[in-house]
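To start, the structure itself, in structure tokens.
The values are calculated or read from the model by the stated rules, or taken from the named source; none is laboratory data. Keep in mind that this is a model prediction, so the values were computed, not measured. So basically every Cβ, Gly included, is an ideal-geometry build from the backbone, and we count neighbours across all protein chains shown. Ligands, DNA and RNA are excluded from the accessible area calculation, which covers all protein heavy atoms including side chains. Shrake-Rupley method; radii C 1.70, N 1.55, O 1.52, S 1.80 Å.
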Amino acid sequence: MKKILVTRKLLKENDERIKNLFDVKLNEKDQLYSSEEILELSKDCDGILAFTTTPFNKDMIMNLPDSVKIISNYAVGYGNIDVEAAQKRGIVVTNTPEVLTDATADISILLLLGASRRAYEGRKAAEKENWLWSSDYLIGKQMTGKKLGILGMGRIGRAVAKRARAFDMEIHYHNRNQLSSDLEEGAIYHKDINDLFRNSEFLSINCPGSKDTENLLNEETIKNFPDRVVIANAARGEVIDDDAMIKAMKSGKVFALGLDVYRGEPKINKKYLDLDNLFLLPHLGSATKKTRIAMGDRAIDNLDALLNQNQVPKDKVN
Ligand code: DGY
């Protein structure tokens, strides 16, 4: 049997399956292994089931034992892995697309609603029992009929668009390439990201994290939004320049922000914590049981394809 290192704890449904297919080193205590520990533990392994909480940078990849043929990432994003270095070492990298699309799109809508309807301030007031209903109490921004910009119109972006249409929103998007009209479903394409921002009363960030998308929202680009824009990020923290965002939230340029992801998470830029117009979640995009089991299954399928079936895994990214 081929040997696999699983770097974090899987749900028990996935554990059972992977144990039937492989000789596995599970991480029962869900420890956050250091790079040294992973290198040590992977010594006799054919593959690694990895998580976004573990960076596989160039150094790490170069030091992996020759026996490792695949890193199967338990996530759709794979910014934690230096894919080029893996390619050079002949290591296949895979991800888990499709299965987390709906759960993540739901969270994007939750972020937009939580931010625009002032859920954080509402929760605090309700707990303190010191509020009095009045016609102008905690007035938020309503999504109905507004223009929604979607930054990154892949599967998740399109699932956000589908949900937003139920709010009668007008969908605008920016993507590396324009989609075919059947995938656009009436959404308006902006080749120039600043054109998208000019047309976004609400913005949902759903692009992958990479060098190309780092700081796409920065001091200069944020100026293009209509005043009092609401922004939600369920993609990767690095897409936003936090200092520029905090400044815009203080000035009122940005009415409110919803975040599920952070630069250097679980850390957060502490200056955010002085602001009330912020709705926060701790990276819950894919956090439903159904989705997490499906992600595990998909990651196991990819290991099984390469190591047991000698086939190219469905979700190979390099
Ligand atoms: C992903 O799959 O990239 C998500 O961020 C994990 O929840």
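Mind checking whether some residue in segment 123-137 is in a strand (DSSP E or B) and open to solvent by 30 Å² or more (accessible area, probe 1.4 Å)?
no
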- Those residues of segment 38-59 which are among the β-branched types (Val, Ile, Thr) and either at pLDDT below 95 or open to solvent by 10 Å² or more (accessible area, probe 1.4 Å) (or both) amount to THR52, THR53, THR54
- Message: Looking at segment 242-253, can you tell me whether even one residue there is out of contact with any Leu (no Cβ under 7 Å at 6 or more places or on another chain) and either aromatic (Phe, Trp, Tyr) or at positive phi (or both)?
- Response: yes
- Note on the structure: Given (1) within 18 Å of the chain's Cα centre (by Cα); (2) over 22 Å from SER210 (Cα atoms), GLY252 misses just (1)
- Item | Top-ranked residue in segment 1-20 [being polar (S, T, N, Q) and assigned to a helix (DSSP H, G or I); ranked as farthest from ASN80 (Cα to Cα)] | ASN20
- Task: Taking ALA244 as the residue in question, decide whether it is over 24 Å from GLU98 (Cβ atoms) and touching a residue at least 40 places away in the same chain (Cβ under 8 Å).
- Result: no
- Note on the structure: Residues of segment 60-87 being open to solvent by 60 Å² or more (accessible area, probe 1.4 Å), away from the ligand (no atom under 11 Å from the Cβ) and in contact (Cβ under 8 Å) with a residue 12 or more places away in the chain, in sequence order, are MET62, ASN63, LYS69, GLU84, GLN87
- The one condition in (1) more than 15 Å from the ligand (Cβ to nearest atom); (2) under 22 Å from ARG117 (Cα atoms) that ASN308 fails to fulfil: (2)
- Residue in segment 160-171 that is open to solvent by 20 Å² or more (accessible area, probe 1.4 Å), in a strand (DSSP E or B) and either in contact (Cβ under 8 Å) with a residue 24 or more places away in the chain or of a type in the set (Val, Ile, Thr) (or both) present: yes
- Query: Which one of these is on the phi > 0 side of the Ramachandran plot and not in a helix (DSSP H, G or I): ASP30, ASP66, ASP44?
  - Reply: ASP30
- Item | Subset of segment 274-296 [crowded, with 17+ Cβ neighbours inside 10 Å and in a helix (DSSP H, G or I)] | THR291, ARG292, ILE293, ALA294, MET295, GLY296
- Query: Has segment 254-273 got at least one residue that is hydroxyl-bearing (Ser, Thr, Tyr), open to solvent by 40 Å² or more (accessible area, probe 1.4 Å), without any contact (Cβ under 8 Å) to a residue 60 or more places away in the chain and assigned to a helix (DSSP H, G or I)?
  - Reply: no
- Task: For segment 88-131, name all the residues that are away from the ligand (no atom under 16 Å from the Cβ) and either touching an Asp or Glu at 6+ places or on another chain (Cβ under 6 Å) or aromatic (Phe, Trp, Tyr) (or both).
- Result: TYR120, GLU121, TRP131
